[in-house]
Amino acid sequence: MNKTAFSMPPNLNPDQASPDWMNKGDNAWQLTAATLVGLQSIPGLLILYGGSVKKKWAVNSAFMVLYAFACVILCWAAWGYRFSFGDKMIPFWGKPNFALDGHYLMKQTFLGKFPNATMVYFQGVFAAITLVLIAGALLGRMNFYAWMLFVPLWLTFSYTITAFSIWCPDGFLAKMGIIDYSGGYVIHLSSGVAGFTAAYWVGPRLTQDRQRFPPNNILLMLFGAGLLWIGWTGFNGGDPYVVSVDASLAVINTHICTAASLLTWLLLDIVFFRKPSVIGAVQGMITGLVCITPAAGVVQGWAAVIMGICSGSIPWFTMMVIHKRSEMFQKVDDTMAVLHTHAIAGSLGGILSGIFAVPKLNRLFYGTSGHYIGLFYGLADKRTHDGFRQIGVQLVGVVFVVVLNIVSTSIICVVVQIFMPLRMSEEEMEIGDEAAHGEEAYAIWGDEEEKLDPKYELAKSKAGGQVEM
């Protein structure tokens, strides 16, 4: 009987461009997932913010997003990635180094069958969206020059510490067994707490801007929200670092939870305010996306529904009831309510992950069962100690991220304030985009009538602008 030697199809044969350790399918999906995450910021949150604020802040709000994305990507490759995922220097920080050398970028990454270049890109867009989310708390009054300095400082001295501690295999929380599938802690809890803290230091918008702030373009806002939702397919689907059944589960759980959260928020608005609010629906969508993020690939579909109901109701209650009755919340001007939509929803998702995480799914994602077991399954499998331990680890993670971001963000704001004011002048805030950037979002004939208002002319002259004829 003749035996023929086995040979791979020509398109699968390894070569210098496709080493034998690289899986082309995994690499292709990882690059696609990273691009979906990038689209959540540019143009997703860029146009969501630009459409959500008053017309006079549309350019400034969008520009804060564009700058943050560009600045983070460069700083990430220059030093941020190795701080977050490099060789261990201390239990919560990697050794500083570049991720710019071609030899390093083409080597296999620390997890997954694709090169470092792909991982640097994937993790870079995650880092970028975190700063973009912080911007949401500061819209309508932060000095753009202060923002330019704040972004690289916060990336370096806050984000990289959280990322290493939770996501890097050498991080102390990773070794404890914390469950954060795709960034409920690293991205959302961090950005929510940091945004609220920075908003405290920057100060509030003008009184008239806080009292009435209708979106300048709701349809544009919805377009940005839609990109955010669909882009989350890559946000959660890319985190197993492999094209797997776990990635598929993460994707469907993401959309199930988000839909349940949006509908829950919508129903609460109808019951208590008698009107179905599209702005409220977007808030419910965001809280659902955030809540499922730390659990996406490690919980069952029915758990995703429960998490969606919780994320559509608990942040709704904190925003619509507690916020309005709390003097502290009222003093801090959190423009896009990132404390509620990201910090509270992210910590809620982290705690619920500790309740509903399935041991088998944890093995698929982490490669070992270890202590990874939700309390629900710990009680069912008579592993009560492990179940309660998981909840404890999740709570330790919440405390660590909250304390780190309050302290680091406060220090960064104080340092920035030494060199320049964190806040625009009253005159600049009165005018908006034209005073800050010399540009306006909408050039409409009716705008000229507003510019003839004596108060506008006085504010513009104080801000150093010139009247256009």
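The values are calculated or read from the model by the stated rules, or taken from the named source; none is laboratory data. Model, not experiment: these values are computed from the prediction. Ideal geometry is used to build each Cβ from the backbone, glycine not excepted, and the neighbour counts take in all protein chains shown. All accessible areas refer to the heavy atoms of the entire protein, side chains included, with ligands and DNA or RNA removed. Shrake-Rupley method; radii C 1.70, N 1.55, O 1.52, S 1.80 Å.
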Legend entry - Hits in region 370-390 (condition: over 20 Å from Thr162 (Cβ atoms) and either touching a Ser or Thr at 6+ places or on another chain (Cβ under 9 Å) or buried (at least 16 other Cβ atoms within 10 Å of the Cβ) (or both)): His371, Ile373, Gly374, Leu375, Phe376, Tyr377, Gly378, Arg383, Asp386, Gly387, Arg389
Inset, instruction - Note down all Cβ pairs under 7 Å where the first residue falls in region 28-40 and is small (Gly, Ala, Ser), the second is not in a helix (DSSP H, G or I), and they're at least six residues apart or on different chains. - result: Ala33/Gly238; Ala34/Gly238
Inset, instruction - Might you let me know whether region 53-72 holds any residue that is basic (Lys, Arg), touching a residue at least 12 places away in the same chain (Cβ under 8 Å) and either on the phi > 0 side of the Ramachandran plot or in a loop (DSSP other than H, G, I, E, B) (or both)? - result: yes
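I need a count of the residues in region 311-332 that are of a type outside the set (A, V, I, L, M) and touching a helix residue (DSSP H, G or I) at 6+ places or on another chain (Cβ under 6 Å). Break it down stepwise before answering.
Looking only at region 311-332, we keep the residues that are of a type outside the set (A, V, I, L, M), and these are 311-313, 315-318, 323-327, 329-331.
Next, only the ones that are touching a helix residue (DSSP H, G or I) at 6+ places or on another chain (Cβ under 6 Å) stay: 311-313, 315-316, 318, 323, 329.
So the count comes out to 8.
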Legend entry - Among (1) in a loop (DSSP other than H, G, I, E, B); (2) modelled with pLDDT under 95, the one test that Gln208 misses: (1)
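Quick check on region 342-351. Is at least one of its residues under 22 Å from Met285 (Cα atoms), open to solvent by 50 Å² or more (accessible area, probe 1.4 Å) and at pLDDT 95 or above?
First pass over region 342-351, keeping only residues under 22 Å from Met285 (Cα atoms): 342-351.
If we keep only those that are open to solvent by 50 Å² or more (accessible area, probe 1.4 Å) as well, we get 351.
Keeping just the survivors that are at pLDDT 95 or above gives 351.
The answer is yes, given that some residue of region 342-351 is under 22 Å from Met285 (Cα atoms), open to solvent by 50 Å² or more (accessible area, probe 1.4 Å) and at pLDDT 95 or above.
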Legend entry - Single condition Ser248 does not satisfy, out of (1) more than 11 Å from Met285 (Cα to Cα); (2) surrounded by 19 or more Cβ atoms within 10 Å (Cβ to Cβ): (2)
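Matching residues to (1) more than 30 Å from Lys382 (Cα to Cα); (2) not small (Gly, Ala, Ser):
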residue	(1), (2)
Gln283	yes, yes
Ala296	no, no
Gly301	no, no
Gly312	yes, no
Gly354	no, no
Lys360	no, yes
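Scan region 87-115 for residues that are of a type in the set (Gly, Ala, Ser), touching an Asp or Glu at 6+ places or on another chain (Cβ under 7 Å) and part of a loop (DSSP other than H, G, I, E, B) and report the count. Please lay out each step first, then the result.
Pass one, region 87-115, residues of a type in the set (Gly, Ala, Ser): 94, 99, 102, 112.
Among the residues that remain, those that are also touching an Asp or Glu at 6+ places or on another chain (Cβ under 7 Å) are: 94, 112.
Next cut, part of a loop (DSSP other than H, G, I, E, B) only: 112.
Total satisfying the criteria: 1.
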Inset, instruction - Evaluate the following for Trp76: is it touching a helix residue (DSSP H, G or I) at 6+ places or on another chain (Cβ under 7 Å), under 13 Å from Leu131 (Cα atoms) and assigned to a helix (DSSP H, G or I)? - result: yes
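Kindly indicate the residue of region 251-274 that is among the hydroxyl-bearing types (Ser, Thr, Tyr) and farther than 8 Å from Gly288 by Cβ and also most open to solvent (accessible area, probe 1.4 Å) among those meeting that condition. So that I can check it myself, show each step before the final result.
From region 251-274, those among the hydroxyl-bearing types (Ser, Thr, Tyr) are 254, 258, 261, 264; that's our starting set.
Filter once more, so that each one left must be farther than 8 Å from Gly288 by Cβ: 254, 264.
On the way: Thr254: 1, Thr264: 25 Å².
Taking the candidates together, the pick is Thr264.
Quick one: which helices (runs of 4 or more DSSP H) sit completely within region 288-391 and have at least 1 residues that are within 23 Å of Leu139 (Cβ to Cβ)?
Working: elements: 301-317, 327-331, 345-356, 359-366, 375-380.
In region 288-391, 301-317, 327-331, 345-356 are the helices (runs of 4 or more DSSP H) which contain 1 or more residues that are within 23 Å of Leu139 (Cβ to Cβ).
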Inset, instruction - Using the structure shown, decide if Phe213 is hydrophobic (A, V, I, L, M, F, W, C) and in a helix (DSSP H, G or I). - result: no
